[in-house]
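A.B. asks: Take this structure first; my questions come after.
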Amino acid sequence: HLLQSGGGLVQPGGSLRLSCAASEGTFAGYTVGWFRQAPGKEREFVAGLRWSGGNRYNSDSVKGRFTISKDYTKNAVVLEINSLKPEDTAVYYCAVGRPIQSTVAREGSYYYWGQGTQVTVSS
């Protein structure tokens, strides 16, 4: 199982830190992806990290504001979001799978999903 934490209500321009941890085992050999789903929209890929090797992937729509990294102490993958905008409001999900580079943004490439966490950007 995946355990998500972080999220909440933040003002525009603020920052948030989302975490995704494995309840059992490690992420070795897997890619951890972050997706989000805004109200009335399809779920979209925002970032991914291949745990073994450290390859990082970012959606062009969030590049420069979203940073994905490893937290070795907590065996977790962290998504840091800066310069938040109202359009970043969504439920954010982490997921684990073994996609190849060309399929890292596809939902179907991931086997396990976190419970989702709400991020609301509003003044």
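A.B. asks: Since Val104 meets every condition but one in (1) open to solvent by 80 Å² or more (accessible area, probe 1.4 Å); (2) of a type in the set (Val, Ile, Thr); (3) under 16 Å from Phe45 (Cβ atoms), which condition does it not meet?
C.D. replies: (1)
A.B. asks: If you go through the stretch 38-61, how many residues are touching a residue at least 24 places away in the same chain (Cβ under 8 Å) and open to solvent by less than 40 Å² (accessible area, probe 1.4 Å)?
C.D. replies: Of the residues in that region, 9 qualify.
A.B. asks: Which residues, counting only those in the stretch 91-111, are assigned to a strand (DSSP E or B) and either touching a Ser or Thr at 6+ places or on another chain (Cβ under 6 Å) or at positive phi (or both)?
C.D. replies: Scanning the stretch 91-111 gives Tyr92, Gly97.
A.B. asks: Give me the pairs, please: first residue somewhere in the stretch 8-37 and in contact (Cβ under 8 Å) with a residue 40 or more places away in the chain and under 12 Å from Asn75 (Cα atoms), second residue anywhere and of a type in the set (Asp, Glu) and surrounded by fewer than 20 Cβ atoms within 10 Å (Cβ to Cβ), beta-carbon distance under 9 Å, and either six or more positions apart or on two chains.
C.D. replies: Going by the 9 Å Cβ cut-off, the qualifying pairs are Ser19/Asp71; Ala21/Asp71.
A.B. asks: Another one. Taking the conditions exactly as written (farther than 20 Å from Trp113 by Cβ and surrounded by fewer than 19 Cβ atoms within 10 Å (Cβ to Cβ)), does Asp71 satisfy them or not? I'd like the intermediate steps shown before the answer.
C.D. replies: Values: farther than 20 Å from Trp113 by Cβ: no; surrounded by fewer than 19 Cβ atoms within 10 Å (Cβ to Cβ): yes.
So Asp71 fails the test.
A.B. asks: Something else now. Quick one: would you say Leu49 is modelled with pLDDT of 95 or more, farther than 23 Å from Ser109 by Cβ and of a type in the set (A, V, I, L, M)?
C.D. replies: Here the answer is no, as Leu49 does not meet what is asked.
A.B. asks: Moving on to the next point. If Ser15 meets every condition in (1) in contact with a strand residue (DSSP E or B) (Cβ under 7 Å, 6 or more places away or on another chain); (2) closer than 21 Å to Gly97 by Cα; (3) among the hydroxyl-bearing types (Ser, Thr, Tyr); (4) exposed (fewer than 14 other Cβ atoms within 10 Å of the Cβ) apart from one, which number is that one?
C.D. replies: If we test Ser15 against (1) in contact with a strand residue (DSSP E or B) (Cβ under 7 Å, 6 or more places away or on another chain); (2) closer than 21 Å to Gly97 by Cα; (3) among the hydroxyl-bearing types (Ser, Thr, Tyr); (4) exposed (fewer than 14 other Cβ atoms within 10 Å of the Cβ), just (2) comes out false.
A.B. asks: Looking at Arg65, Arg43 in this structure, which one is touching a Ser or Thr at 6+ places or on another chain (Cβ under 9 Å), basic (Lys, Arg) and closer than 26 Å to Ser123 by Cα?
C.D. replies: Matching residue, one of Arg65, Arg43: Arg65.
A.B. asks: May I ask you to list the residues in the stretch 27-73 that are outside any strand (DSSP E or B) and among the basic types (Lys, Arg)? Write out each step before concluding.
C.D. replies: Step one: of the stretch 27-73, the residues outside any strand (DSSP E or B) are 27-30, 38-43, 51-55, 59-65, 72-73.
Within the stretch 27-73, Lys41, Arg43, Lys63, Arg65 meet the criteria.
A.B. asks: So, in the stretch 11-21, how many residues would count as being among the charged types (D, E, K, R) and assigned to a loop (DSSP other than H, G, I, E, B)?
C.D. replies: Qualifying residue count, the stretch 11-21: 0.
A.B. asks: Same structure, new question: Checking Ser83 against (1) within 16 Å of Leu3 (Cα to Cα); (2) open to solvent by less than 70 Å² (accessible area, probe 1.4 Å); (3) among the hydroxyl-bearing types (Ser, Thr, Tyr); (4) in a loop (DSSP other than H, G, I, E, B), only one condition comes out false. Which one?
C.D. replies: (1)
A.B. asks: Modelled with pLDDT under 95 and part of a loop (DSSP other than H, G, I, E, B): does that describe Glu24?
C.D. replies: yes
The values are calculated or read from the model by the stated rules, or taken from the named source; none is laboratory data. Predicted model only: the values in this text are computed from it and were never measured. Cβ coordinates were reconstructed from backbone atoms using ideal geometry, including for glycine residues, and neighbour counts include every protein chain displayed. The protein model used for the area step is the full one, side chains on, heavy atoms only, and it has no ligands, DNA or RNA in it. Shrake-Rupley method; radii C 1.70, N 1.55, O 1.52, S 1.80 Å.
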